[in-house]
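J.: Here it is, the structure in full.
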Amino acid sequence: MSELPVRSFLQALQSAGERLKSHGPASQPARDALVALAQAAQVLTTAGPEVVLTLSDGALYFGPKMLPHATVEFNGMIGGMSRMGIDSVTVTRDAHPGDLADLAGVISGTSGDLPVGGTVRLNERPIAESDLDRSPVSGLRKTYSASLDTLRDLGAGGRLDMGQVIGIVEGFIGSSAASSLMMATVRNYDETTYYHSVNVCLLSMTIGNGIGLGDDDLRHLAAGALLHDLGRVLLGEAALSKKGSLTSEDWAQVRLHPQEGAQAILAASGPGQEIAAAIALEHHARMDGDGYPDLMGRTPHPFSRIVAIADAYDAITSRRPHRPARTPLEAMRILGEGTGTAFDPAVVTAFLHLMGEYPPGSMFRIESGEVVVVTGGGQGAPPSGLIVRDREGRTLAEPQPVDLDNQKMVGVVLPEDAGIDPAELLEAVEG
Ligand SMILES: [Fe+2]
């Protein structure tokens, strides 16, 4: 089964909680979010008359099966629910909108307990602990979650400890380029800055690895990349994820985030501050001296140039309030156009070589009509992939390996259109 209905439900639940908290229950954004939640609950319960989501040990289960992707994508909400003492959520078919609103209220901390005996119930737990399928979450996912936790903690006013950050991102060292690129497709639109930061960290490390940096340099690059938007984290997600156009004051605020981030890093304790602060300060500075802040003729640090490219790539391939996501191939074309003006030519070349013609983590339709996720290749290696959709458009329960060398690509597919996120397939590739 695809994790998509569960992920859509959790996304709707998280958005509803967020809107209830920031706009109040009578507001239009909250009402819209609750309508979306009711729709997502309806899709979720096509799987059965009663769907049970179990939370155990920081992981999320659908019935007895662990959902590795949703565990990472919603690890903040799952952690929050566990701390509230919630260990399962039961949703019945045709769940009452009022009960769903109560659930969003409980999770966002805006209302009290869920009424007993409704169409949405907490802590019934029909799945026994011993029946849960305890397959391990991969190391890459664990490091991803730990990195998110670090950023959330900083966003909530926690103290920055560089040694601790380096210790966490260390977990990304040694992952293959293809796995890292697949993992860097995870997104969560209610916590955009956090997920973006971890993706930029993974992409930067992949580039750094590709150009031959040693482990020590990779650690420092990764710590700086994870913290590159710390200024945004400190400014707060709500202020930055406003829909619609920014006012000139908002824009001035946004342009200050590099300095804010760099200052916070320099004020922290632990090693690697100078490089991380340079990365935070310079990630929007361009090679031609444009961008911000003005570096007064100085070129950005080599690590800042790597992060600038990873940052641009992730931003281009993400959906934004004012535009849809673009494909990895389009992103690579845009990066190519910025060579020498915005971006360091040597780093762009290394990145394009790393991605190859079929970037790992991207999705294509082949001549037969089947949809393929690229799971390997780049750096001169032949591309490999998995068929995830058959020619009738049905999602395969067991993705099938395919040799991409003998296939003709006829169209690029975006994860958000296909309802399949390449990171879902990580375990199938890592084995
Ligand atoms: Fe930024």
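J.: What pairs come up if the first residue lies in the stretch 283-304 and is farther than 13 Å from Thr341 by Cβ, the second is within 16 Å of the ligand (Cβ to nearest atom) and among the aromatic types (Phe, Trp, Tyr), and their beta carbons are under 7 Å apart, counting only those six or more places apart or on different chains?
T.: Pairs that qualify, where the first residue is farther than 13 Å from Thr341 by Cβ and the partner is within 16 Å of the ligand (Cβ to nearest atom) and among the aromatic types (Phe, Trp, Tyr), are His284/Tyr292.
J.: Moving on to the next point. Within the stretch 412-427, identify whether any single residue is in contact (Cβ under 8 Å) with a residue 24 or more places away in the chain, among the β-branched types (Val, Ile, Thr) and in a loop (DSSP other than H, G, I, E, B), and answer yes or no.
T.: yes
J.: Looking only at the stretch 171-185, how many residues end up being in contact with a Leu (Cβ under 9 Å, 6 or more places away or on another chain) and assigned to a helix (DSSP H, G or I)? Step through it out loud before you land on a result.
T.: Just the residues of the stretch 171-185 that are in contact with a Leu (Cβ under 9 Å, 6 or more places away or on another chain), to begin with: 171-173, 175, 177, 179-184.
Filter once more, keeping what is assigned to a helix (DSSP H, G or I): 171-172, 177, 179-183.
Total satisfying the criteria: 8.
J.: Moving on to the next point. Quick one: in the stretch 363-394, of everything that is part of a strand (DSSP E or B) and among the basic types (Lys, Arg), which residue is nearest to His353 (Cα to Cα)? Show your work before the answer.
T.: Going through the stretch 363-394, the residues part of a strand (DSSP E or B) turn out to be 363-366, 371-378, 381-389.
Pick out the ones that are also among the basic types (Lys, Arg) and you get 365, 389.
Details: Arg365: 22, Arg389: 28 Å.
Result: Arg365.
J.: Further, regarding this structure: Looking at Leu160, Leu213, Leu221, can you tell me which residue is crowded, with 23+ Cβ neighbours inside 10 Å and at pLDDT 95 or above? Walk me through it before giving the result.
T.: Numbers: Leu160 fails: crowded, with 23+ Cβ neighbours inside 10 Å; Leu213 fails: crowded, with 23+ Cβ neighbours inside 10 Å.
Criteria check complete, one pass: Leu221.
J.: Let me ask another. Determine which member of the set Thr339, Thr375, Thr327, Thr299 is under 19 Å from Leu414 (Cβ atoms), more than 16 Å from the ligand (Cβ to nearest atom) and not assigned by TED's automatic domain parsing to the domain that holds Ala418.
T.: After ruling out the rest, the residue left standing is Thr327.
J.: Could you tell me whether Leu240 is within 30 Å of Pro415 (Cα to Cα), within 13 Å of the ligand (Cβ to nearest atom) and modelled with pLDDT of 95 or more?
T.: Against the criterion (within 30 Å of Pro415 (Cα to Cα), within 13 Å of the ligand (Cβ to nearest atom) and modelled with pLDDT of 95 or more), Leu240 does not qualify.
J.: If a residue has to be in a helix (DSSP H, G or I) and more than 25 Å from the chain's Cα centre (by Cα) to count, how many in the stretch 24-41 make the cut?
T.: 2
J.: Going by the conditions given, is Ile275 surrounded by 23 or more Cβ atoms within 10 Å (Cβ to Cβ) and of a type outside the set (Gly, Ala, Ser)? Before the answer, list the steps.
T.: Numbers: surrounded by 23 or more Cβ atoms within 10 Å (Cβ to Cβ): no; of a type outside the set (Gly, Ala, Ser): yes.
Considered against the rule, which asks whether it is surrounded by 23 or more Cβ atoms within 10 Å (Cβ to Cβ) and of a type outside the set (Gly, Ala, Ser), Ile275 comes out as no.
J.: Run down Thr339, Thr327, Thr349 and say which single residue is β-branched (Val, Ile, Thr), in contact with a helix residue (DSSP H, G or I) (Cβ under 8 Å, 6 or more places away or on another chain) and surrounded by fewer than 23 Cβ atoms within 10 Å (Cβ to Cβ).
T.: Working: Thr327 fails: in contact with a helix residue (DSSP H, G or I) (Cβ under 8 Å, 6 or more places away or on another chain); Thr349 fails: in contact with a helix residue (DSSP H, G or I) (Cβ under 8 Å, 6 or more places away or on another chain).
Matching residue, one of Thr339, Thr327, Thr349: Thr339.
J.: Still on this structure: Name every residue in the stretch 276-289 that is within 13 Å of the ligand (Cβ to nearest atom) and among the acidic types (Asp, Glu), in order of residue number.
T.: Glu282
J.: Just to be sure I understand, how many residues within the stretch 114-147 are out of contact with any helix residue (DSSP H, G or I) (no Cβ under 7 Å at 6 or more places or on another chain), in a loop (DSSP other than H, G, I, E, B) and not aliphatic (A, V, I, L, M)?
T.: Total satisfying the criteria: 9.
J.: Which condition does Tyr292 not pass, out of (1) surrounded by 15 or more Cβ atoms within 10 Å (Cβ to Cβ); (2) away from the ligand (no atom under 13 Å from the Cβ), if it passes all the others?
T.: So Tyr292 meets the others, but not (2).
J.: Same structure, new question: Given the conditions (1) in contact with a Leu (Cβ under 8 Å, 6 or more places away or on another chain); (2) at pLDDT 95 or above, which single one is not true for Ala308?
T.: Evaluating Ala308 over (1) in contact with a Leu (Cβ under 8 Å, 6 or more places away or on another chain); (2) at pLDDT 95 or above leaves (1) as the failure.
J.: Which residue pairs have Cβ atoms closer than 6 Å, lie 6 or more positions apart in sequence or on different chains, and pair a first residue in the stretch 128-149 that is more than 13 Å from His69 (Cα to Cα) with a second residue that is among the basic types (Lys, Arg) and surrounded by fewer than 20 Cβ atoms within 10 Å (Cβ to Cβ)?
T.: These pairs meet every condition: Asp133/Lys65.
J.: Where residues in the stretch 257-275 are within 14 Å of the ligand (Cβ to nearest atom) and not acidic (Asp, Glu), which of them is modelled with the lowest pLDDT?
T.: Residue satisfying both the conditions and the ranking: His257.
J.: Given the criterion farther than 18 Å from Met182 by Cβ and part of a strand (DSSP E or B), identify the matching residue among Ala397, Ala346, Ala350.
T.: Ala397
J.: Let me ask something additional. Does the stretch 61-80 hold any residues that are assigned to a loop (DSSP other than H, G, I, E, B) and over 22 Å from Ser130 (Cβ atoms), and which are they?
T.: Phe74
The values are calculated or read from the model by the stated rules, or taken from the named source; none is laboratory data. Remember, it's a predicted structure, so these values are computed and weren't measured experimentally. Positions of Cβ are backbone-derived with ideal geometry, glycine not excepted, and every protein chain shown enters the neighbour counts.
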